[in-house]
Amino acid sequence: MRMKVSKWKKTIILDIMLAPALILTLIFSYIPMAGLVMAFQNYKPALGMTGSQWIGLDHFEFLFSIPENIQLIWNTLIIAGMKMAANLIVPFIFALLLNEIRRIFFRRMVQTIVYMPHFLSWVLVGGILIDLLAQNGGLVNQTLTSVFGMKPIFFMGDGDWFRFVVVVSDVWKEFGFNTIVFLAALAGINPSLYEAAEADGAGRWQQTWAITMPSMLPITIVVGTLALGSILNGGFDQIFNLYNALVFDKGDIIDTFVYRYGIIGGKFSFSTAVGLFKSIVSLVLIVMAYRMAYKLANYRIF
Amino acid sequence: MYLPFIHILAVSFSGKAAASANLVKLWPIDFTLDAYVTTIANGNFLRSIWVTLQRTVIGTVFGMLVVVFAAYPLSKETSSFKRRNMYIWYFVFTMLFSGGLVPYYILLRNLDMLNTLWVLILPGAVSVWNMILLLNFFRGIPKEMEEASLIDGAGHIRTLIRVYLPISTPALATLSLFTLVGHWNSWFDGLLFMTNHENYPLATYLQTVIVQQDFSKVSVRPEDLENISQRTVKAAQIFIGMAPILLLYPFLQRFFVKGIVLGAVKE
Amino acid sequence: MAINIRSTLLALLSSLMLSSALTGCTGDSEDPPKEKDVEEESFYSAPFEDGKYTEPVTISTVFPVSSNMKFKNGENIEDNVHTRWAKETLGIDIEYLWTVSEQNNAYETKLRLMLTAGEKMPDIVAFRGDAALISDLIDTGQFTDAGVLFDKYASDIYKSAVAEDPTVWNPLMRDDKRMGLPILENAFNNDPVMYIREDWLRKLNLNAPTNMTELETVMDAFTHQDPDGNGENDTTGLSVGFKNDLNTWMSESGWIFGMYGAMPNQWNKTEDNQLVYGSVQPEMKPALLKMQEWMEKGYISSEAGLYDETKATEAFTAGKSGIIVGPYWMTGWPLPDLQRNVPDAKYRAYPLPAGPDGTIGRHGTSISSGAILINKDMKHKDAFFVYQNYLFDHWANPESTTFPHGFAKGYDYDIGPSGEIYQEAQSDKIPGGWVDAIRYSLTFDGAIIPNLAMNTLAKLAEGAEPANQYEKNLAKRIPEQLRAAKIVIDQKDTVMPEMFTGAPTKTQLARGDMLTRLEKEVLNKIIYGQASIDEFDTFVEKWKSTGGDQMTEEVNAWYQSVQK
């Protein structure tokens, strides 16, 4: 009994430390979640949440009843999945490479430069991409035709190429920014480990393989798992600025659809329902990843 | 690979006509500073910088405090802090589910927070993403150091400040940077929750400089059209918005290397 | 715990909704007698003398601050030359509950939030845009029958301006009541004309095309005969951009369909007074085939489907394209860029050419783009009319001499030392620069008499002497603009107006996006040659069976209801 009390006493301070975050979350996240009821209503602004008609799962049924929407969900999964993988691998490798640069000034410069595109808006990037990838006179196609003797590729008007463009341009824009997390992880590795390895006669490559990679594994798993939370977000801003009617079948995603659909009449309850669907899928995936990491690697992601 | 950047920079220094006809490639045509002048001379520029500075500084400090204090207990093993699992899922859940804009707006209005600086700071203060990253970094700290500190009679708060924080500078610098950039760039909250456009933060203000009219709906009058199609202004804004962060970044980078302290403390 | 929070919030919400509902109800039962009382007392709801309230009355409202709205002298929307004018001239205090920058539909979103959160509406809501929002706002029951007030208070000029096209009331009708006032716009403002590189025509010894054959000859020459003389094959005949729509506001292609009697993306009237959706009519086919052929031959850019209205103008203003179609105001923007980029270039406005059987068709301009809603609980409902009447009688009325050069001296005009008038073109001579103060007005453009501006411009283009100050001001416009306006008016019988102006119907709300997506995909693929023309018939079948027929029925039901 006494033990218990003292233990409680010992840990109560931890609860107190958590209190501000708990309270802020309660107010700004949980209370507004009451709005999720709209997903099950035919919400009419004039009637409000209490007065609107309850329609159960109609919005969800509608979402899945249309064949094109299934295609949308696939498109989203494919685009977001490819982005997720690329945005994990490229920054990871880049961080490793950057870490090998000894000249600190040069390293900082590279780091600053690659991180700049994060600040560009998709409106601007979209305009540039259209010119860059134009069939006639676009820089990329000019290179392909004159240097490699290829036929021009209609990057923006061919569904498969379009997906490719979406993923590559997203990586281009964000990899510098995403690298930062990995650099922080690299900086946290205990240098004495390297010293010991060097004493054992391990080469650079072996050091990277035996020390750097395993040390970065946890953070990579964490970042990867958290990215699952957006597996149904294809990147609204980007797609919205890049797509066109020719690539609707392969490039249209859930969010662009909800936007277009909602813009006539601001359909709050339908977008809430779609949001809820996306949340549930993400939750399932994250729980699975959490379990797997725990079972396979005995690692608690959070 | 960075040609697009140079292109945008060139556009920002070019004359309007050449830029909107897409004639500018990598070097300005009809060099002019007009785009920068238009943006800066436009009414509320200085004021919006002030709002952004406030929200960024207060928001980052406050956000980091909350996250640091939350990440510490959550980095404990379940064996020493049982309730952590419950708490962590409480947070993770909010990362995935949200009630949407409408109830959020009602809440902020009922709390009387609209049009105050707090609306830009408090709602986003708890970044679960940052929290999870930080708790993972905290876990990397050798257990012996924590135990030594606790046995010395130091409390948890003291341990956090004396032991954890000094050796986590790379992680703290990273997360501060994320928070800071997030505050600096976010414009949507300013647009919707500031009821007076004079209280807009910089990012929101920049959004308002470009004319984005739906010509199909309004009576366009030719005499108003002089201000339209400011591609140059759009380009200039990127650099105006980005410059402070870029200047700050190399300075922050120093902290990424400082993690070496870890070895030093060990002795 | 979670349940607790939820129920607390629900309670909170319901109390909110309830209270607004209650106020709505009481307003309902109390209003009529009140109004009667006022009527018995006097015409106006407050002491009124010499066109002015003796004790200032208040109008509360909300306002979108657009980005081309500039302020000077440290003013803002709450306090400026316009608000002071309203107070001094009319005895009206304008109070802004909130203002928002008109970006990314922020005004619309905020109005929706306000509506959804059950907030009390201001005295006046003026909104241009989405008909569905206007209809949702009306449905809150917080707004009054504006038609009754209009009949009672509106001035003759205001009434005749609205009467120029009675269909402007259509979107606002509820059970034979006019629940809002239309915001009027300039007629023919967005109707297209054809701009052609005059210097290219001369250089290649061609005449401006008047029919399809001539048009194709010109486009072919512009595309293949190196009209810019740089020795490279880098020009296109025609600039169009249909990323958004074929029938759109600039760089548009609607007229190509018009040559065959079709007009996509809008509801057209048939001879037997039915409304049909343009994009699924058989007349579309030959026009689509034409566009397919033009793209194959390089007359239009192979990127045209990726270009929006503005992006498509680039080639023309860069001097790389010979023809572009759009409104008369393109002469103000973006066409002047052409001469800046290519100094010896010259463009000229021409009438739209006729199709194979002589047909010409173009889209029209809606003369009403939004609505003013008046709150039931507004204390001095007449005050809005005092305000709006004044602007119609003095600002819009060409005979008036109240605003000879602009709205306010030192803002949109100034007078020099020897009496010369400085206006926008002499912006640098006005201390602090030219600022378009009428933009601050409650209904965004002061007041507009729909058919006045373009017809006057056309008249002036024919060489008529400006008869009054209003006409003198318009006569200062550049000649090319007058010419374009005249062509618009000359061809006004070719307009195919959008006939459906109501709020989106049930099927439009539910299926509209799916059908539009299908339509855009198929039409684009046909133009790009990625799909054969036969797929058009498959598309029409699918369109009809997955909601199109139902939509047509609903739209016609609406049309019948407003015909009465």
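The values are calculated or read from the model by the stated rules, or taken from the named source; none is laboratory data. Because the structure is predicted, anything quoted here is derived from the model rather than measured. Cβ coordinates were reconstructed from backbone atoms using ideal geometry, including for glycine residues, and neighbour counts include every protein chain displayed. The protein model used for the area step is the full one, side chains on, heavy atoms only, and it has no ligands, DNA or RNA in it. Shrake-Rupley method; radii C 1.70, N 1.55, O 1.52, S 1.80 Å.
Heavy atoms only, 1.4 Å probe, whole protein assembly: order C:W255, C:W434 by accessible area, highest first. Working shown, then result.
On the way: C:W255 5, C:W434 50 Å².
Ranked from most to least accessible, the order is C:W434, C:W255.
Peptide C:66-76 shows a mean partner chain C-beta count of 4 within 10 Å per residue C-beta. Taking R0 as 60 Å, what FRET efficiency do you get between A:A297 and C:A467 from their Cβ-Cβ distance, rounded to the nearest 0.05? Plugging the Cβ-Cβ distance into 1/(1 + (r/R0)^6) gives 0.10. When chains A and C come together, the accessible area they lose, probed at 1.4 Å and totalled over both chains, is close to 3500 Å².
So between C:W98 and C:S400, what do we pick up on full extension, going 0.36 nm a residue minus the alpha carbon distance? All intermediate terms of the calculation are to be shown ahead of the outcome.
Values: separation 302, 0.36 × 302 = 108.72 nm, distance 3.35 nm.
Between C:W98 and C:S400, full extension yields an extra 105.4 nm.
If the viscosity is 0.692 mPa s and the temperature 37 °C, what Stokes-Einstein diffusion coefficient in µm²/s follows for segment A:57-297 when Rh is the Kirkwood radius over Cα pairs?
Rounded to a whole number, D works out at 159 µm²/s.
Mean separation of Cα pairs under 8 Å and 6 or more residues apart, divided by the residue count, gives chain A a relative contact order of 26 percent. When a/c is below 1.5 the answer is rounded, else prolate if a/b is larger than b/c, else oblate, so apply that to chain B with a ≥ b ≥ c taken from the square roots of the Cα gyration tensor eigenvalues. Prolate is the answer for chain B, as a/c is 1.5 or above and a/b outweighs b/c.
Just the number, please: buried accessible area between A and B, total of both chains, 1.4 angstrom probe, nearest 100 square angstrom.
Working: alone 19010 and 16370 Å², together 28410 Å².
Interface between A and B: roughly 7000 Å².
Using a probe of 1.4 angstrom and keeping all protein chains present, the accessible surface of segment A:57-297 works out to 44 square angstrom per residue. Stretched out straight at 0.36 nm per residue, the stretch from A:A85 to A:F236 would grow longer than its current Cα-Cα span by 52.5 nm. For the residue pairs B:K25/C:K285; C:K177/C:K476; A:K267/C:K311, alpha carbon separations beyond 32 Å are given by B:K25/C:K285; C:K177/C:K476.
Ignore the peptide's own chain and count Cβ atoms of other chains within 10 Å of each Cβ in C:106-115; give me the average, rounded.
Numbers: counts 7, 0, 2, 6, 5, 1, 7, 11, 3, 5.
Neighbouring Cβ atoms belonging to other protein chains average 5 per residue here.
Shielding value for B:129-141 is 4, the average number of Cβ atoms from other chains within 10 Å of each residue's Cβ.
What's the local net charge at A:P45, with K and R +1, D and E -1, over the other residues with C-beta under 9 Å away? Working shown, then result.
Details: positive: A:K44, C:R112; negative: C:D136, C:D139.
So the surrounding residues net to 0.
Given their separation in residues at 0.36 nm each and the Cα-Cα distance between them, A:A19 and A:I113 gain 29.9 nm when the chain is fully extended. Cross-link partners for C:K290 among the aspartates and glutamates, with Cα-Cα distance under 16 Å and sequence neighbours closer than 8 places in the same chain left out: C:E214, C:E216, C:D220, C:E252, C:D357, C:D534, C:E535.
Please grab the % of Cα pairs in chain C that end up more than 46 Å from each other.
Values: 34284 of 158766 pairs.
Everything past 46 Å amounts to 22 percent.
In whole percent, how big is the carbon plus sulfur part of the accessible area of segment C:400-461, probe 1.4 Å, protein atoms only? Heavy-atom surface of segment C:400-461 belonging to carbon and sulfur, 1.4 Å probe: 53 percent.
Note on segment A:213-302: with neighbouring protein chains present and a 1.4 Å probe, carbon and sulfur make up 68 percent of its accessible heavy-atom surface.
Computed on the Cα atoms alone, the convex hull of the protein assembly as shown gives a volume of 198 cubic angstrom per residue. At the residue level, C:D50 shows approximately 150 square angstrom of accessible surface with a 1.4 angstrom probe and all protein chains present.
A loss of 40 Å² or more of accessible area (1.4 Å probe, protein heavy atoms, ligands and nucleic acids excluded) relative to the isolated chain is seen in these residues of segment A:158-193: A:W172, A:F177, A:I180, A:V181, A:A184, A:A187, A:N190, A:P191. How many percent of the accessible area of segment B:33-262 is carbon or sulfur, using a 1.4 Å probe? The C+S portion of the solvent-accessible surface of segment B:33-262 is 65 percent.
Over both sides of the B-C contact, add up the buried accessible area with a 1.4 Å probe and give it to the nearest 100 Å².
On the way: alone 16370 and 26060 Å², together 37980 Å².
Approximately 4500 Å² gets buried when B meets C.
Would you mind calculating the relative contact order of segment C:169-247 from Cα pairs under 8 angstrom and at least 6 residues apart, reporting the percent as a whole number? Walk me through the numbers before you get to the answer.
Values: 49 pairs, mean separation 12.2, N = 79.
Here the relative contact order equals 15 percent.
Based on DSSP loop calls and a cut-off of at most 15 other Cβ atoms within 10 Å, the longest stretch of chain A free of exposed trypsin sites (Lys or Arg not before Pro) is what? It would help to have the intermediate numbers written out before the result.
Details: sites that count: A:R102, A:R103.
Between the exposed loop sites, the longest stretch runs A:104-302.
Loop by DSSP (not H, G, I, E, B), at most 14 other beta-carbon atoms within 10 Å: where is the longest site-free stretch of chain C for GluC sites (Glu not before Pro)?
By the stated rule (loop sites, at most 14 other Cβ atoms within 10 Å), C:272-398.
With contacts taken as Cα pairs under 8 Å and at least 6 residues apart, segment A:121-192 reaches a relative contact order of 16 percent.
Rounded to the nearest 10 square angstrom, C:K520 shows an accessible area of 50 square angstrom against a 1.4 Å probe. Heavy-atom accessible surface of segment B:33-262, averaged per residue, reaches 38 Å², computed with a 1.4 Å probe.
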